[in-house]
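Q: The structure that follows is given in the form of structure tokens.
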Amino acid sequence: MLTMKTYLKLIFNSNGGKPSDIVDILYGLGFEPQKGEYDMVYKWSDGATVKDAIWFADKIHASLEGTGVQYYIETTE
């Protein structure tokens, strides 16, 4: 069975929150930083579903609301 992963690409602006503060928020959600095309990755436990990924996207959105950061989410298996 393949394990799902959710990737985040972050776009900061000078009027928003500090990158270190944003990363702290995402650490709190279980994300890990990585090098490459995406800035952060969340590794799901076995048995996660698309419904879980949608719920998590809502949680990410609520956690980043008001920070001024823009983001792109991609979930893959």
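Throughout, read-outs are computed from the coordinates displayed, never taken from laboratory work. Model, not experiment: these values are computed from the prediction. Using ideal geometry, Cβ is built from the backbone for each residue, glycine included, and neighbour counts are taken over all protein chains shown.
Q: Taking segment 1-55, which residues are small (Gly, Ala, Ser), touching a strand residue (DSSP E or B) at 6+ places or on another chain (Cβ under 8 Å) and in a helix (DSSP H, G or I)?
A: Ala53
Q: Just for segment 1-37: of the residues that are free of Cβ contacts under 8 Å to residues at least 24 places away in the same chain and of a type in the set (Gly, Ala, Ser), which one is surrounded by the most Cβ atoms within 10 Å (Cβ to Cβ)?
A: Step by step, filter segment 1-37, then rank; the result is Gly30.
Q: Further question: Out of Asp58, Asp46, I need the residue that is exposed (fewer than 12 other Cβ atoms within 10 Å of the Cβ), out of contact with any Lys or Arg (no Cβ under 6 Å at 6 or more places or on another chain) and more than 23 Å from Gly16 (Cβ to Cβ). Which one?
A: Asp46 is the lone residue from the list that is exposed (fewer than 12 other Cβ atoms within 10 Å of the Cβ), out of contact with any Lys or Arg (no Cβ under 6 Å at 6 or more places or on another chain) and more than 23 Å from Gly16 (Cβ to Cβ).
Q: Criterion first (in a loop (DSSP other than H, G, I, E, B) and within 12 Å of the chain's Cα centre (by Cα)) does Gly68 satisfy it?
A: no
Q: State the number of residues belonging to segment 29-38 that are more than 18 Å from Ala53 (Cβ to Cβ) and either among the aliphatic types (A, V, I, L, M) or in contact with a helix residue (DSSP H, G or I) (Cβ under 9 Å, 6 or more places away or on another chain) (or both).
A: Of the residues in that region, 1 qualify.
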